[in-house]
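Here's the structure, in structure tokens; my notes come after.
The values are calculated or read from the model by the stated rules, or taken from the named source; none is laboratory data. Note that this is a predicted model, so its numbers are computed, not measured. Glycine gets a Cβ as well: all are built from the backbone with ideal geometry, and neighbour counts include every protein chain shown. Heavy atoms of the whole protein, side chains included, go into the accessibility calculation; ligands, DNA and RNA do not. Shrake-Rupley method; radii C 1.70, N 1.55, O 1.52, S 1.80 Å.
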Amino acid sequence: MGIIESRLAGMGLELPAMHPYPSPNRTACVRSGNLLFLSGHGTGRQEMPLNIKRYGKVGAEVSEAEACLCAKSVALAMMATIKAEVGDLDRVRRVIRLYGMVNSAPGFERQFAVIDGASDLFYELWGPEFGRHARAAVGIAELPRRAVLEIMGEFELHPES
Amino acid sequence: MGIIESRLAGMGLELPAMHPYPSPNRTACVRSGNLLFLSGHGTGRQEMPLNIKRYGKVGAEVSEAEACLCAKSVALAMMATIKAEVGDLDRVRRVIRLYGMVNSAPGFERQFAVIDGASDLFYELWGPEFGRHARAAVGIAELPRRAVLEIMGEFELHPES
Amino acid sequence: MGIIESRLAGMGLELPAMHPYPSPNRTACVRSGNLLFLSGHGTGRQEMPLNIKRYGKVGAEVSEAEACLCAKSVALAMMATIKAEVGDLDRVRRVIRLYGMVNSAPGFERQFAVIDGASDLFYELWGPEFGRHARAAVGIAELPRRAVLEIMGEFELHPES
């Protein structure tokens, strides 16, 4: 088990199972050079590793704290995707950027606090230098199947040795 | 005619004409290294190659099937952009990621089915290995000129020979 | 003072001060190779260099002209970020892409005119070849702290000499 997965285990967390996409036209991750471009990972699609609410608008049916746990869960799903793509999370040199889209009820304006559920986890796992990332966290009008949130992102791999 | 355009012709499809942007400050595509970063391509801007509805919210004035045809049309506009930038669609090694923004009426939650109009076309043209792409498909609150949808994306070119 | 900052000064503009992020988990900019990935820069976060409205929906509490000035102000904040990251704005070879998210009241459909406040400034500073960029400008449902707008972007650096 690599360093990052050991840290995850030390936190009592594990990666969720990967599920095939409903259509072959798309995939969870594409690599180009040493960049990984991740699909939007939402609460509606994958089996989620934590006990979360999967559907609803934050600020109405879903509380900020519940949504923050959703973001943490989606971060784990993103890591499962990366592991499936490159074999080992230790191949990730750094988190580049997250784009967090929160299914927001009108007037909900604390998207930053929700997406911190993912950002804090990446930061803890990769540390201050390589876990700190660029980010935008916004309120999106609608998400597929009324998912609570969706996160897209870019990651940098270590150069091939 | 290259391989990709031959496939398009075999489907009875052709690339639309390119139109200049209303302002010189922006362009449809920027190349950096072997990556192409495409602007948001929407139904409101370019002359569209298919007979589509160009304006309105999906789930209200525009049906899911009509919006799916919009996405296919926008995919053709993206390919016209790429051809104008690099000369030949065969220079594209793979589709990396699409970000599909669907102008969604409240409660419309099937953005994935709409953007499949673009994803399916890219997948058919570039095939299972290089046409399969990362993606997010979301419901956006408002689009310029009430366009039905807009798609942004990244593509990878073959290395210079 | 470099060329770009001299041009800014000639326009009577200056870069705003940088403020630390409220959380260490994220940062305003991450460099990967010769690409810079910028966080969403919004009107709600940094001290803004121009006298702008910082909060409210465009088309309701904020006019199009006021929002355009917000976009110009955010462009200055993005440049301050880049300078902090790489030391000199002259290290930027070109603007690649902007993703402008305008906090839009229902029915506001002129996001392109708002984000031109940023695009025009980048275009003037880096010129027609390298200042012209890819872009999407859309209406987002909600932004953190009810910010008027937020802009994310990618920039290309000159190769290391």
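The condition (being crowded, with 18+ Cβ neighbours inside 10 Å, aliphatic (A, V, I, L, M) and at pLDDT below 95) is satisfied by just one residue among B:L8, B:L15, B:L50: B:L15. The requirement of being in contact with an Asp or Glu (Cβ under 7 Å, 6 or more places away or on another chain), surrounded by fewer than 22 Cβ atoms within 10 Å (Cβ to Cβ) and within 14 Å of chain C (Cβ to nearest Cβ) is satisfied by B:S32.
Of all the residues in segment B:2-31, those that are without any contact (Cβ under 8 Å) to a residue 12 or more places away in the chain and either among the acidic types (D, E) or on the phi > 0 side of the Ramachandran plot (or both) number 1.
The single condition from (1) surrounded by 24 or more Cβ atoms within 10 Å (Cβ to Cβ); (2) closer than 30 Å to B:K57 by Cα that C:R146 fails is (1). Answer yes or no: is there a residue in segment C:122-130 that is among the hydroxyl-bearing types (S, T, Y), farther than 19 Å from A:Q111 by Cβ and either surrounded by fewer than 24 Cβ atoms within 10 Å (Cβ to Cβ) or without any contact (Cβ under 8 Å) to a residue 12 or more places away in the chain (or both). Yes; the residues of segment C:122-130 include at least one that is among the hydroxyl-bearing types (S, T, Y), farther than 19 Å from A:Q111 by Cβ and either surrounded by fewer than 24 Cβ atoms within 10 Å (Cβ to Cβ) or without any contact (Cβ under 8 Å) to a residue 12 or more places away in the chain (or both).
Would you mind stating whether B:S39 is over 21 Å from A:P24 (Cα atoms), of a type in the set (S, T, Y) and in a strand (DSSP E or B)? Against the criterion (over 21 Å from A:P24 (Cα atoms), of a type in the set (S, T, Y) and in a strand (DSSP E or B)), B:S39 qualifies. Residues that are open to solvent by 60 Å² or more (accessible area, probe 1.4 Å), aliphatic (A, V, I, L, M) and under 22 Å from A:G107 (Cα atoms) within segment C:53-79 comprise just one, C:A60. The residues of segment B:78-105 that are without any contact (Cβ under 8 Å) to a residue 60 or more places away in the chain and facing chain A (nearest Cβ under 7 Å), listed by number, are B:R97, B:S104.
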